[in-house]
Amino acid sequence: MSADILKFPTPAPRVAGRDGLAPGDLLVTCFNDTFGLWCAWPVAAVDDDGVAMGVRLINGRVLAADRVSCRPDAYGFRRAEHAEGAFERLAYRTWPSAEAALADFGGPC
């Protein structure tokens, strides 16, 4: 019996801010489905794929990202792709719909 060693291609390393979110970016999601309120949360932590795992609350505490969302749809926005100071003006803002939030950001990333 013989065996061949096959070389499988390895994925390219992910670059924070290009392939996914990074701490400091914003996650926009519905946090109150009864009233249809959407909010922008600063990302506090991400997993290896750039998926938001935690968001920073206005009091500085960190909360699991899935605990702020009541719907499966969420949008991520990279700080590096927006003008200086834009995220500070948009963080913790609320909107009555996803469309209204996306309009302020210029569309999802």
Problem set entry | Number of the condition not met by ARG56 [criteria: (1) at pLDDT 85 or above; (2) charged (D, E, K, R); (3) within 21 Å of ALA100 (Cβ to Cβ)] | (3)
Problem set entry | Within segment 51-77, tally of residues that are open to solvent by less than 50 Å² (accessible area, probe 1.4 Å), in contact with a strand residue (DSSP E or B) (Cβ under 9 Å, 6 or more places away or on another chain) and more than 17 Å from ASP33 (Cβ to Cβ) | 8
Problem set entry | Index of the failed condition, TRP41 passing every other in (1) within 9 Å of the chain's Cα centre (by Cα); (2) at pLDDT below 90 | (2)
Exercise. Scanning for something aromatic (Phe, Trp, Tyr), free of Cβ contacts under 8 Å to residues at least 60 places away in the same chain and either out of contact with any Lys or Arg (no Cβ under 8 Å at 6 or more places or on another chain) or open to solvent by less than 60 Å² (accessible area, probe 1.4 Å) (or both), does segment 98-109 turn up at least one residue?
Worked result: no
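The values are calculated or read from the model by the stated rules, or taken from the named source; none is laboratory data. All of these numbers come straight from a predicted model, not from anything done at the bench. With ideal geometry, Cβ positions are generated from the backbone for all residues, glycine too; neighbour counts draw on all protein chains shown. For accessibility, only protein heavy atoms count, side chains too; no ligands or nucleic acids. Shrake-Rupley method; radii C 1.70, N 1.55, O 1.52, S 1.80 Å.
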